[in-house]
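A.B. asks: Structure provided below as structure tokens; questions to follow.
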Amino acid sequence: MSAIAAVSGNLGSIAYGLAAIGPGIGVGIIFGQGVQAIARQPELTNVIRQNMLLGFALTEALALIGFVVPFVHQ
């Protein structure tokens, strides 16, 4: 029982660390696949880049939500 009582710090930071794993993987996939798509079809570079940035913004919004939620629900 004493081991459970020892983990009484700020669990919000642990929750944010876990919540940042998903968006981190998502950003890596977005840019990795985007670079491959540009290499295959260089004439569509502007369209692919625009879609990559849109996907990046939406994925980072998830990370920001994961950052704010532990502070809102204390």
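The values are calculated or read from the model by the stated rules, or taken from the named source; none is laboratory data. All values reported here derive from a predicted model rather than from experimental measurement. Cβ coordinates were reconstructed from backbone atoms using ideal geometry, including for glycine residues, and neighbour counts include every protein chain displayed. Remember, those area values only see protein heavy atoms, side chains included, never the ligands or the DNA or RNA. Shrake-Rupley method; radii C 1.70, N 1.55, O 1.52, S 1.80 Å.
A.B. asks: Quick one: is Ile29 among the hydrophobic types (A, V, I, L, M, F, W, C) and under 11 Å from the mean Cα position of the chain (by Cα)?
C.D. replies: Judged against the criteria, Ile29 is a match.
A.B. asks: Follow-up. Quick one: what pairs do we get from the stretch 54-74, first residue farther than 11 Å from Pro23 by Cα, second of a type in the set (Gly, Ala, Ser), C-beta under 6 Å, 6+ apart or different chains?
C.D. replies: Correct list of pairs: Pro70/Gly12; Pro70/Ala15.
A.B. asks: Here is a follow-up. Tell me which residues, restricted to the stretch 2-20, are modelled with pLDDT of 75 or more and surrounded by 13 or more Cβ atoms within 10 Å (Cβ to Cβ). Working first, answer last.
C.D. replies: Going through the stretch 2-20, the residues modelled with pLDDT of 75 or more turn out to be 14, 16-20.
Of everything in the stretch 2-20, those that are modelled with pLDDT of 75 or more and surrounded by 13 or more Cβ atoms within 10 Å (Cβ to Cβ) turn out to be Tyr16, Ala19, Ala20.
A.B. asks: Need pairs with beta-carbon distance below 7 Å; first residue touching a residue at least 24 places away in the same chain (Cβ under 8 Å) and among the small types (Gly, Ala, Ser) and within the stretch 22-38, second open to solvent by 40 Å² or more (accessible area, probe 1.4 Å) and assigned to a helix (DSSP H, G or I); sequence gap 6+ or separate chains.
C.D. replies: Filtered contacts from the stretch 22-38: Gly22/Leu62.
A.B. asks: Consider the stretch 21-70. How many of its residues are open to solvent by 80 Å² or more (accessible area, probe 1.4 Å) and either in contact with a Phe, Trp or Tyr (Cβ under 9 Å, 6 or more places away or on another chain) or among the hydroxyl-bearing types (Ser, Thr, Tyr) (or both)?
C.D. replies: 1
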